[in-house]
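First comes the structure, then the notes that go with it.
The values are calculated or read from the model by the stated rules, or taken from the named source; none is laboratory data. Computed from a predicted structure; not experimentally measured. Cβ atoms come from the backbone with ideal geometry, glycine included; neighbour counts cover every protein chain shown.
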2 protein chains.
Amino acid sequence: MPRYKLTLAYDGTCYHGWQRQVGKRTIQGTLEEAILDLFGNRVKVVGSGRTDARVHALGQAAHVDLSLFIHSPDLCAALNSRLPGDIRVRETEVVPKTFHARYSAVKRAYCYLIRAAVEPSPFLRNYTHQVRFPLDSDAMNKAAAILVGTHDFSAFRSTGGGNTLPTRKVFNSEVFFISRHTLCYFITADAFLRKMVRGIVGTLLEIGAGKADVSVMSRLLNTGDRTLMATVAPPQGLYLVAVSYA
Amino acid sequence: MPRYKLTLAYDGTCYHGWQRQVGKRTIQGTLEEAILDLFGNRVKVVGSGRTDARVHALGQAAHVDLSLFIHSPDLCAALNSRLPGDIRVRETEVVPKTFHARYSAVKRAYCYLIRAAVEPSPFLRNYTHQVRFPLDSDAMNKAAAILVGTHDFSAFRSTGGGNTLPTRKVFNSEVFFISRHTLCYFITADAFLRKMVRGIVGTLLEIGAGKADVSVMSRLLNTGDRTLMATVAPPQGLYLVAVSYA
């Protein structure tokens, strides 16, 4: 049973997130069905982590054990032929049995796209968060920089986020314009708590709109007080960009 | 009853085209419902022409008679508040009763986007036609140029396209790269037959792929022989860009 690492891109618009759920269309469920259809094996596809409903991926990683050896381009083509067009296998690779998509991952990169101070575009509604007000990107970037380092992210933990330890190590956290009206928030960390990026972006939006001060970010880290946190930002602006392994 | 001209952008992905159809989600039907909901009037929204299922618009034009005078920004905001995010009213304008969105139009502009020789992107599947093979854009552009002028477009007329005269005057017809892997076919004409642009693009794709010679375009115009035409290109690459009035 060789183990394969899969690198995936998906448009999460029409999915109830990564995790298999009875009676719902999910990324994991759809991948497992494609493999069952191709090889007759009911297998479990293990992801690097879950993505929520409507969240996208440019480079999600997963592993799966298959009953036979297949050349990478052939396996990609075979899987893509059975998958809907909004999920694409970008790459497959045979990995040792010690490789685990979730536990072997050392870094995850996310980005969040915000269009500000423009009329909402009907074409970007599922791919960015569109706000009508202008944003102070300097203030947002100052607040974002506060997150770099090892911190307790309890304040950004979603309810129902499980019992994992709330400490995470953030390597990058910055806000920049990628086009005249589109801001990108880019963050990399060893791992993330559930809805952590969207909670951070919600807070950055309050700061960017002038409704909260930059200092709220330090207070959130220092107190772990969830009540200080703004509403989590909506899912459609969020992209899992890449997962790194040692 | 003042008459308003509406300028509309829409993502056609989730619609069965422009024209109202019982039990189906259409652009016209959705606009008429929004107006009924706002003003209590059951009105007819008249478009510059129909767009097919999954075809998009950046600048569709339409007219509608309303029972009261409303400032343009207020009417836009009111309509957009009742419309789903994939239909946006970009502008409204009071026009004379002699204005007719279809009969007063003197020029329509369409573009068709093709991504060639790349892995299909899950994010662009509803917004471009994605092909794996490379395209000879020079050959396509030569063939496209043949269409400029007044011609009988019978060969590009879809079955069930009605009894309108098949002569159309084409002002622009050209193929160019808008990014490294994305080609745009841009055409303007006084009016279009049903599925005419997609028929032309289907033929351009055959020429670009080297399966047909540039000369097939002249033969299509000269003979009106539909059997020479390639399969019509799929709808998701097509955008109604703008409609001009005298």
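Observations
- Exactly one residue out of A:90, A:102 is charged (D, E, K, R) and either on the phi > 0 side of the Ramachandran plot or within 11 Å of chain B (Cβ to nearest Cβ) (or both), and it is A:90.
- Filter result (surrounded by fewer than 17 Cβ atoms within 10 Å (Cβ to Cβ), over 30 Å from residue B:7 (Cβ atoms) and of a type outside the set (Lys, Arg)) within the range B:223-235: B:223, B:224, B:225, B:227, B:228, B:231
- Of everything in the range A:157-178 that is among the hydroxyl-bearing types (Ser, Thr, Tyr) and in a loop (DSSP other than H, G, I, E, B), the residue that is surrounded by the most Cβ atoms within 10 Å (Cβ to Cβ) is A:158.
- Restricting attention to the range B:101-151, the residues that are surrounded by fewer than 22 Cβ atoms within 10 Å (Cβ to Cβ) and aromatic (Phe, Trp, Tyr) total 4.
- Search result, residues across the range A:179-191 that are part of a strand (DSSP E or B), of a type in the set (A, V, I, L, M) and over 17 Å from residue A:139 (Cα atoms): A:189
- Take the conditions (1) under 24 Å from the mean Cα position of the chain (by Cα); (2) within 14 Å of chain B (Cβ to nearest Cβ); (3) not hydrophobic (A, V, I, L, M, F, W, C); residue A:47 misses just one of them, which is (2).
- For the range A:15-32, a residue qualifies if it is surrounded by 15 or more Cβ atoms within 10 Å (Cβ to Cβ) and charged (D, E, K, R), and the qualifying residues are A:20, A:32.
- Restricting attention to the range A:7-28, the residues that are within 14 Å of chain B (Cβ to nearest Cβ) and either in contact with a helix residue (DSSP H, G or I) (Cβ under 6 Å, 6 or more places away or on another chain) or not in a loop (DSSP other than H, G, I, E, B) (or both) add up to 9.
- Screening the candidates A:241, A:197, A:201 for the property of being among the β-branched types (Val, Ile, Thr), in a strand (DSSP E or B) and out of contact with any helix residue (DSSP H, G or I) (no Cβ under 6 Å at 6 or more places or on another chain) yields one hit, A:241.
- Sole residue being within 14 Å of chain B (Cβ to nearest Cβ), farther than 12 Å from residue A:87 by Cβ and not basic (Lys, Arg), chosen from A:58, A:31: A:58
- Checked against the criteria, residue A:205 counts as of a type outside the set (Phe, Trp, Tyr), crowded, with 21+ Cβ neighbours inside 10 Å and in contact (Cβ under 8 Å) with a residue 60 or more places away in the chain.
- Taking strands (runs of 3 or more DSSP E) as the structural unit, those lying wholly within the range A:51-153 and holding at least 3 residues that are within 20 Å of residue A:188 (Cβ to Cβ) correspond to A:56-65, A:105-116, A:149-152.
- Qualifying positions in the range A:204-230 - at pLDDT 95 or above, in contact with a Pro (Cβ under 9 Å, 6 or more places away or on another chain) and not in a helix (DSSP H, G or I): A:209
- Restricting the range B:116-134 to residues that are more than 19 Å from residue B:207 (Cα to Cα) and of a type outside the set (S, T, N, Q), the residue that is farthest from the other protein chains (Cβ to nearest Cβ) is B:124.
- Test for residue B:154: is it farther than 24 Å from residue B:54 by Cβ, surrounded by 14 or more Cβ atoms within 10 Å (Cβ to Cβ) and assigned by TED's automatic domain parsing to the domain that holds residue B:121: yes
- Any hit, the range B:2-14, residues being out of contact with any strand residue (DSSP E or B) (no Cβ under 6 Å at 6 or more places or on another chain), touching a residue at least 24 places away in the same chain (Cβ under 8 Å) and exposed (fewer than 15 other Cβ atoms within 10 Å of the Cβ): yes
- Search result, residues across the range A:67-77 that are more than 26 Å from the chain's Cα centre (by Cα) and buried (at least 18 other Cβ atoms within 10 Å of the Cβ): A:70
- Residue A:71 meets each of the listed conditions (1) within 16 Å of residue A:94 (Cα to Cα); (2) modelled with pLDDT of 95 or more; (3) not β-branched (Val, Ile, Thr) apart from (2).
- Candidates A:238, A:220, filtered to the one that is surrounded by 17 or more Cβ atoms within 10 Å (Cβ to Cβ) and in contact with a Leu (Cβ under 6 Å, 6 or more places away or on another chain): A:220
- Flag for residue A:88 being touching a strand residue (DSSP E or B) at 6+ places or on another chain (Cβ under 8 Å) and basic (Lys, Arg): yes
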